[in-house]
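Report on the structure given below.
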Amino acid sequence: MNTSYKVKFWNIRTNTRQPEKGKKPRIVSHTVRWTVGPHAKSATFKTKGLAESFLSDLRQAAKNGEAFDLETGLPPSMIKAKDARTWYSFAVTYVHAWWPHAAAKSREGMTDALANIMPVLTRLAGRRA
């Protein structure tokens, strides 16, 4: 993993849609931009709050002296958090969240969907190993 401590942050850019006749421009998204070494990086978010939070996390990592990965543009602390969730943990969390509120037919649909997709994902994961 190639890393660099040379990181520069830019202001958040607000992306707008072309205004309709007689109306104000509509804000569509917000883009966080930064450079790591010679590489420009960006991440787009639906709300300004999410963009500010992400930029704050990047700045805190730089302030704490973390080296940023040249390929992803992220510090190791954020790469770990991004890759931490597996398909299995996502499925378990999803079922735990929806099961108490789901009707019987919805529960049946969840279990059928998971029963059909799990063997495929397990087979794909086995090929990578």
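Read-outs: derived from the displayed coordinates by stated rules, not from any lab. As the structure is a computational prediction, the values presented were derived from the model and not from experiment. Quick reminder, even Gly has a Cβ in these numbers, built from the backbone with ideal geometry, and neighbours come from all protein chains shown.
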Rounded to the nearest 10, the angle in degrees between the Cα long axis of helix 87-98 and the longest principal axis of the Cα atoms of the chain comes to 70 degrees
Among the range 38-53, those whose backbone N falls under 16 Å of a label point 7 Å along Cα→Cβ from Thr31 are 39-48, 51-52
Pseudo-spin-label distance Lys8 to Asn64, built 7 Å along Cα→Cβ, given in nm, is 2.6 nm
Treating only Lys and Arg (+1) and Asp and Glu (-1) as charged, each at its beta carbon, one finds that the range 3-83 has a dipole about its Cα centre, in Debye to the nearest 20, of 600 debye
Extension length gain for Ile79 and Val95 (0.36 nm per residue less Cα distance), in nm, is 3.2 nm
Along principal axes, largest first, the alpha-carbon spread of the range 1-118 in whole Å comes out as 53, 51, 21
